Structures are given as C-alpha cells and as structure tokens.
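Before any comments, here is the structure.
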Amino acid sequence: TEPYVFFATQAPGMTVAVRAGTTSVVGVDVTLHQVSELLATLRTLPDMKIVLFGVDRRVLARADLARTMVRRDGERVALATLDELGEPVLAQMQPARTDGAAGAGVTVDADGARWKTVVLPIPTVRGTLSLGIAAPLDALLADARAMRTRVLLAALAILLVALPLTWWVAHRVGAA
C-alpha cells in the first residue's frame, strides 16, 4: 500500500500483501521506524538533515523520527509534507527526477544560513522515492577552512624566518 499512519500504534508504515494461492492473501504491516533509525546513523554532522519522501512530498522517514507526522482536522494523525515540518531547507526540496538524471547538489539559503542539498532517486516497485540530504555549508567547509588557516600561518612563519635569513646571507655575500 501507499504509506499511512497505523490506527493502533499511530506509527507511519505500509502494508505489504502477496496473493498466496487463488483464495488467500498474506499481508504484513511494516513500520517506517527502522528506516528512520537507519537514516539517523547516516548523519555525519549534528545539523545534517536526511529525509525520505514521496512524489507527493509526504515524509516517509527522517533522521528525526518524532517529526514525521502532524495532526490534521483536529485529532487525525497523518504523514507530514516537507512544507509542514517547519524547516525551510526541507521545504525547498523537490522530488527526484524520474528520467534517470542524477541529482545535482544545490546551495540554498534557509534559516539564515547557506545549505548544500541533494535529492537522490530511490526506485521502488510502486514508483520513485526521494532521499533528500541537507547540510549547513559552514559545517561542511569547517575542516577545509581550518586547514587553509593552518597552511597560511605556516607559510607566514616560513616567510618571517626566510626574509631575515635571506637578508643576512645577501649581506654577508655582498661584504665579502
């Protein structure tokens, strides 16, 4: 089935059913909790956002499982859309292209920061799902910026030592 919220547990999931013979069907309910746990293990930065969503932009799983559902019409619980999560960087994501083109990274401005985002297609029997990943650009570049600073400081130190030494050697050669 399409993903939905189970009535008894209020957990997002889907039902998988297979015909067993001519008069029987075997079915099992599968929660999306495990998918969300897997996405959480993929986060390499604390502020990184990873979300699995459908063509209708409904969130099936995300690294923060507690935030995949919303209340609609008073008490009815439903899968949230990317827009309903209240996170501007996720609201800017669009479903992956289904024409086989690879998802290219895009830099977006959201929440007063620049984010690098990518949406990858996940082909399934029922259509293409999208895996959206967003990371703050500052966090992605932090190691590179620290390395740049160390290299500049090392170059400056070498220059500060080399200039007086060069002057001293040139002076000694000129005096001889």
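The values are calculated or read from the model by the stated rules, or taken from the named source; none is laboratory data. Just so we're clear, the structure is a prediction, and the values are computed from it rather than from any experiment. Cβ sites come from the backbone with ideal geometry, for glycine too, and all protein chains shown count toward neighbours. Please note that ligands, DNA and RNA were not included when accessible areas were found on the heavy atoms of the full protein model with its side chains. Shrake-Rupley method; radii C 1.70, N 1.55, O 1.52, S 1.80 Å.
In plain terms, the chain from Ala113 to Arg172 could stretch by 15.7 nm, reckoned as 0.36 nm per residue minus the Cα-Cα distance. Computed about the Cα centre, the dipole magnitude for the chain is approximately 540 debye when only Lys and Arg (+1) and Asp and Glu (-1) carry charge, each at its Cβ. Computed from the Cβ-Cβ distance with R0 of 25 Å, the FRET efficiency linking Leu160 to Asp138 stands at 0.25.
Among the listed values (1) 13.5; (2) 17.4; (3) 10.4, the one computed from these coordinates for mean projected area of the Cα convex hull in nm² is (2).
Residues in the range 108-120 carry Karplus couplings, in order, of 10, 9, 7, 6, x, 9, 9, 10, 9, 10, 8, 10, 10 Hz; the curve used is 6.51 cos²θ - 1.76 cosθ + 1.60 with θ = phi - 60°, and Gly or Pro positions show x.
Computed from Cα atoms, the angle from the helix 33-42 axis to the main principal axis of the chain rounds to 10 degrees. Between Ala11 and Phe6, the built amide H atoms are under 5 Å apart, and every one of these is 5 or more places off in sequence or on another chain.
Could you tell me the calculated FRET efficiency between Asp83 and Thr9, based on Cβ-Cβ distance and R0 = 30 angstrom, to the nearest 0.05? Here the calculated transfer efficiency is 0.75. Computing FRET efficiency as 1/(1 + (r/R0)^6) for Ala17 and Asp64, where r is the C-beta to C-beta distance and R0 is 35 Å, gives about 0.70.
For the range 124-163, what % of the accessible area comes from carbon and sulfur atoms, probe 1.4 Å? That fraction is 75 percent. Average accessible surface for the chain: 65 Å² per residue, computed with a 1.4 Å probe over protein heavy atoms with every protein chain in place.
To the nearest ten degrees, helix 137-175 and the longest principal axis of the Cα atoms of the chain are 10 degrees apart.
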